[in-house]
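The values are calculated or read from the model by the stated rules, or taken from the named source; none is laboratory data. Note that the structure is predicted; figures quoted are calculated from it, not measured. Cβ placement follows ideal geometry from the backbone for every residue including glycine, while neighbour counts extend to all protein chains displayed.
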Amino acid sequence: MAGQSRPSISNAHLNAFVQPAIHVLATMVGIAAQAGPPRKHSAITDAEAVTVMIGIKGDYTGTILFRFSERLACRIVKNLISPDREIEELNSDVQDALGELANVIVGNATGHLDALGIQALMTPPIITMGTNVKFVFPETDELVVVPLATQDGEIEMNVAFAMQGPPMADDERRHPR
Amino acid sequence: MKKRALVVDDSGMMRQMIRTLLEKNGVEVVGAAENGKQAVELYTELKPDFVTMDMIMPQQSGLQTLKQIRQQDPRAVVIMISSLSAEDSAAVCTEVGASGYIVKPFTEEQVLAVLNEVVGPGFG
């Protein structure tokens, strides 16, 4: 919703994503992560090797992006699917595993948003590989970047959303995809 | 006799993760499906003792697939496995016949607790 009624992304909104991200990375991947200070951005032009995008619709519409360096992507996928061998290329296993990881984080985040009174549904993940990519967001979206530091590098979590349209009807809320 | 399971998830990694966990605990995984249509076909063909069903899948959701399987077999035991932690999601699944609900990320203990409750005792 454009104009003065559009609320900004608050710390509570960000924590709805940060807490699940740290929890999922620890329990599913076995990697400790620490959130750094959030930064406001208007666009993303320096893409990392792998970017996973998940759409949000409902009381808010927007996109959550997770950007991984090649080294960190391979480390995460090694922990997830093959602890006994190194992952040396960004293949379909990496796409699948990082897509599912992001799916679990954002799925958990919808529960945290629900606790804030915000209903949100999510779309299946879309994954881009390669650094020559520019992401442009709608002007109505507020974009906040939260770095998640790990011992193998940083995951950049980008939260871009805006409240648009009337809140979802009760019937839609109770029947997620 | 080993219980026979069908694993449904669009993520190959998650299918493998669930298969490994089940087989480690004495379950025979007789089939794995990556989408809802394939799941219904495999259920008809294999008649497993229980199904683990991902909630969010492209094309046809786990909820729709659960409904189709329950229409075909009202006694089907289907355990939903989802990243959606909101209580509403579990309630909707139960309304249409899910036997259990597990939130991702899960631990082995959490999965075994649900299996013991809805499939029968003796897991873990």
* To do: Go through region B:69-107 and count every residue that is crowded, with 18+ Cβ neighbours inside 10 Å, assigned to a helix (DSSP H, G or I) and more than 7 Å from chain A (Cβ to nearest Cβ).
  => 3
* Asked: Which members of region A:45-72 meet the condition of being aliphatic (A, V, I, L, M) and more than 14 Å from the chain's Cα centre (by Cα)?
  -> A:Ala47, A:Ala49, A:Leu72
* Hits in region B:105-124 (condition: without any contact (Cβ under 8 Å) to a residue 60 or more places away in the chain and either touching a helix residue (DSSP H, G or I) at 6+ places or on another chain (Cβ under 6 Å) or under 22 Å from A:Glu100 (Cβ atoms) (or both)) -> B:Pro105, B:Phe106, B:Thr107, B:Glu109, B:Gln110, B:Val114
* Taking region B:114-124, which residues are surrounded by fewer than 16 Cβ atoms within 10 Å (Cβ to Cβ) and modelled with pLDDT of 95 or more? -> B:Asn116, B:Glu117, B:Val118
* Looking at (1) more than 9 Å from chain B (Cβ to nearest Cβ); (2) out of contact with any Asp or Glu (no Cβ under 9 Å at 6 or more places or on another chain); (3) surrounded by fewer than 19 Cβ atoms within 10 Å (Cβ to Cβ), find the lone condition where A:Gly117 falls short. => (2)
* Filtering region A:68-97 down to residues that are touching a strand residue (DSSP E or B) at 6+ places or on another chain (Cβ under 9 Å) and buried (at least 24 other Cβ atoms within 10 Å of the Cβ), which residue is farthest from the other protein chains (Cβ to nearest Cβ)? -> A:Phe68
* (1) surrounded by fewer than 22 Cβ atoms within 10 Å (Cβ to Cβ); (2) part of a loop (DSSP other than H, G, I, E, B): which one isn't true of B:Ile56, the others all being true? -> (1)
* **Top-ranked residue of region B:1-26 - restricted to ones that are in a loop (DSSP other than H, G, I, E, B) and free of Cβ contacts under 8 Å to residues at least 60 places away in the same chain, ranked as nearest to B:Leu66 (Cα to Cα)** => B:Asp10
* Asked: So is A:Gly111 under 14 Å from the mean Cα position of the chain (by Cα) and modelled with pLDDT of 90 or more or not?
  -> no
* Looking only at region A:50-69, decide whether some residue is among the hydrophobic types (A, V, I, L, M, F, W, C) and not in a strand (DSSP E or B). => no
* Pair list, Cβ under 7 Å, 6 or more apart: region A:21-41 residue within 12 Å of chain B (Cβ to nearest Cβ), other residue β-branched (Val, Ile, Thr) -> A:Ala21/A:Ile105; A:Val24/A:Val104; A:Val24/A:Ile105; A:Leu25/A:Ile31; A:Met28/A:Val104; A:Val29/A:Ile76
* **region B:18-61: number of residues that are among the aliphatic types (A, V, I, L, M), within 14 Å of chain A (Cβ to nearest Cβ) and touching a strand residue (DSSP E or B) at 6+ places or on another chain (Cβ under 9 Å)** => 6
